[in-house]
Amino acid sequence: MPTSDLTWRLPADLAENVRGRMADMRRQDVVRRIWARDLTVWSGADEDRWLGWLTLPMQERSAVARVVQFAGEIKAGGVQDVVLLGMGGSSLAPEVIQSIVGRGDGYPKLHVLDSTDPGRILSIERAIDLRRALFLVASKSGSTLEVNILKQYFFNRAVEQLGAGEAGRRFVLTTDPGSKLHQIAKQEHFRAIFDGVPSVGGRYSALSNFGLVPAALIGVDVLAFLDGAEAMARRCASDGPENSAFELGALLGELALHGRDKPTLIAPAGLAAFGAWLEQLVAESLGKQGKGILPIEGETPGAPDVYGRDRVFVHLRFAGAPDTATDASVEQLERAGHPIIRIDWPDRYALGAEFYRWEFATAVAGAVLGVNPFDQPDVESTKVVTRRIAAEYERTGKLPSDERVSDARSAGAVLDQLREGDYFALLAFIEMNQAHLHVLDDIRGLVRDRGRVATTVGFGPRYLHSTGQGHKGGPNTGVFLLITCDDPEDLPVPGQKYSFGTIKLAQALGDLEVLTSRGRRVMHVHLRDVETGLRALHDVLRERLVQ
C-alpha cells in the first residue's frame, strides 16, 4: 500500500487486518473528526482541550520574526553556548533538531541538560564559559521539579560570577502564560520570555516555541522547518492516500492489537537521534490502561532470528546519504517475513514534517487502541511519590531504605523473569555519557540476542518523562533493572536541604515504589563505584546468559 514517502510490507493476514482497519476508520470519518476536535474519537475524556498541535505549523509563523531576531541578537552578542534546562517534551525535540539538522556557522552550540545527576550537571558546567553562555529554561507548567532546581543552581552561579544585576540577562524562559516560572522570570529580569501554547501538551510541542526557539538559536532556518510541517499538516487533513500519517497510525495501532507492539527503529547514523523523541511521543501517549506501543530505538540491528513476534520494523531512509549496510539489514528482515514500514526523508529539514507525521499518527493509533493519547497519569504518580520522599528528607534528613536492593553480583536473577513478548529495560540513574551508554548497549545486545526480547535504555530521571508512562501504565510485559550509584561528586540544591544526588536517588526510589505497586517485575541494583560496578554488571549478566 504505497504512498509517495511511506511503504509497508506485512504478512498476508496482518495486511488484510490493516486494510480492514483503515476502511473502518474512513467509514467512521476519523480524520475529519480529529480536525473537528471530536473527543469521541478517543476515550471521550478531555482530548478536545489538547489538539492545538494540529494547527501549530500555520499559527506559529506569526511568532517566527521575533524568534529569529532574538537569535540574531544572541549570535551577534558572542554567545558561544546555549544550555537548555528542560525535561521530556521541552528537551528532546531540541536535542534531535541539533543532531539531525545541525547548527549554522557562527551560532552557539546547544547543550541539553535534562538530568539531576550531579556528574552530568558538572560535565556541562565545565564545558561552557558561563560569561559567554545563555540558559534557556523550558517548562510548560513552570512547576517541573528538575527544571526549577537546575534553574536555581545556574542562576546562583551566574550571580556569583556576574553579579545580581547581570545574571538575569543570561536567562531566557519558554513556558505557558501565567505559570509560576513566568512570574519568577519577570521578577529576576530574564532577558526574554517566549510563550507556549496552553492547548499543546509537552510531547506535541516540537513545532511550538519549545522547539523553534532553541532551533533558531543554533541557526536552523525555522521557516523552512515549518514549511515542511505545514505541507504534512495539509496532507493530514485529507482522507485520501496522500495522508500517510493516518496510514501509519492505523498500521501501528492494528499491529499492536495483534501483538506487534514494539516498532523498532532502524535508521542511518544521520537520522538515528530521531528515536529518542519518537520513543517519548509514542510510549507516553499510548502506554496506559494496560495497553500500549513501545518504540525500540538504539538497538544495533541483528540477524532475523534474534527477534520475536512482537516486532515491526520502521526503516528510515535518507536520500541525502544512502546507507547500504542498513538497507541490507532491513532487506534480510523482510525476506525472513518480519513486518516492515519504510519512510523516506528527502533531506534533513524533513524533520519538521516528520514531527508532525508522527504526532498525527500517534493520535490515530490512540483511536485504534481506545486510549487518550494526550494525558500521562502514571508519570504524575511517580512525581507524587518523589515529592513525598523529598519532603520527608527535608524533615528528617533521611531517604527511605530499599530492603531488596542488590549489588551487581545478584543482578543475573532478573533475567530469569523474561518471557516471550517481554522487553528488558535498563533504568540507569547514572551520568548519561558515551562510556556508560557503551556498556549498557553491550548489555542490551547480549539480552536481545540470547533472550530474543526487545530492550531499552533509559537514563533517569529523563525516562520518567518519556517511557516511564508506558512502564507503569502499559502492558505488564516489562522486566526492569533499576540502577543507582554513589556519586563521586555531589552538588547542593540552592534553598533546599537535599542535594542533586539526593533528589536523583529520591526519584529512583519513587519510581521503584510505583513500579512495585503496579506489580511490575523490577530489581534494584546499587553500584558503589559506577565505573567498576557497570563492568561487573555486564560480566554477571553475560555469564548468566551463556549458561
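The values are calculated or read from the model by the stated rules, or taken from the named source; none is laboratory data. All figures in this text were calculated on a predicted structure; none of them were measured in a lab. We place every Cβ from the backbone using ideal geometry, glycine too, and count neighbours over all the protein chains shown. Side chains included, ligands, DNA and RNA excluded: accessible areas come from the protein's heavy atoms. Shrake-Rupley method; radii C 1.70, N 1.55, O 1.52, S 1.80 Å.
Before moving on, here are some points about what is shown:
- Whole-Hz ³J(HN,Hα) from phi, Karplus 6.51 cos²θ - 1.76 cosθ + 1.60, for the range 171-183, glycine and proline x: 10, 10, 10, 10, 7, 6, x, x, 6, 4, 5, 4, 5
- Across the range 494-505, computed HN-Hα scalar couplings (Karplus, 6.51 cos²θ - 1.76 cosθ + 1.60, θ = phi - 60°) run x, x, 10, 6, 7, 9, 5, x, 5, 5, 4, 5 Hz from first to last residue, x flagging Gly and Pro.
- Calculated FRET efficiency for the pair residue 442/residue 231, C-beta based, R₀ 56 Å, to 0.05: 0.85
- Carbon + sulfur, % of accessible area of the range 190-284 - ligands and nucleic acids excluded, 1.4 Å: 53 percent
- Pairs of Cα atoms farther than 20 Å apart, the range 228-330, %: 48 percent
- Estimated from helices alone, the mean residue ellipticity of the chain at 222 nm is -14500 deg cm²/dmol (sum of -39500 (n - 2.57) over DSSP H runs with n ≥ 4, per residue).
- The alpha-carbon of residue 383 sits under 16 angstrom from the alpha-carbons of these aspartates and glutamates, leaving out residues fewer than 8 places away in its chain: 114, 146, 284, 375, 392, 511, 513.
- The equivalent ellipsoid that matches the C-alpha gyration tensor of the range 176-256 spans semi-axes of 33, 17, 10 angstrom, in descending order.
- Sequence-distant lysines (8 or more away, or on other chains) whose Cα lies within less than 16 Å of residue 291: 262, 472
- Rounded to whole Hz, the Karplus (6.51, -1.76, 1.60) HN-Hα couplings of the range 418-426, x for glycine and proline: 6, 10, 4, x, 7, 10, 10, 10, 8
- Average projected area [Cα convex hull, the range 78-213], square nanometres: 7.7 nm²
- Normalised contact order of the range 436-503, rounded percent, pairs of Cα under 8 Å and 6 or more residues apart: 14 percent
- Considering the range 138-281 at the alpha-carbon level, its Rg and Dmax are found to be 19.5, 61 Å.
- Diffusion coefficient, µm² s⁻¹, Stokes-Einstein with Kirkwood Rh over alpha-carbon pairs of the range 241-289 at 4 °C and 1.567 mPa s: 106 µm²/s
- Cα-based radius of gyration for the range 418-547, normalised by 2.2 N^0.38 Å, reads 1.07.
- Whether the range 54-97 is rounded, prolate or oblate, judged on the alpha carbon gyration tensor where a/c under 1.5 counts as rounded: oblate
- Of every Cα-Cα pair in the range 297-351, the percent that sits beyond 13 Å: 61 percent
- Carbon/sulfur fraction of accessible area - the range 347-484, other protein chains in place, 1.4 Å, %: 48 percent
- Counting only Cα atoms, the range 263-378 measures 41, 35, 20 Å along its principal axes, largest extent leading.
- For residue 423, the amide hydrogen comes within under 5 Å of the amide hydrogens of 478, 479, counting only partners 5 or more places away or on other chains and with H modelled in the peptide plane.
- Dipole of the chain [Lys/Arg +1, Asp/Glu -1 at C-beta], most positive-end residue of 93, 55, 324: 55
- With 32 Å as the limit on Cα-Cα distance, the pairs of 75/151; 109/140; 288/497; 180/288 that go past it are 288/497.
- Heavy-atom accessible area per residue - the chain, 1.4 Å, Å²: 37 Å²
- Distant alpha-carbon pairs in the range 339-479 (separation over 24 angstrom), percent: 52 percent
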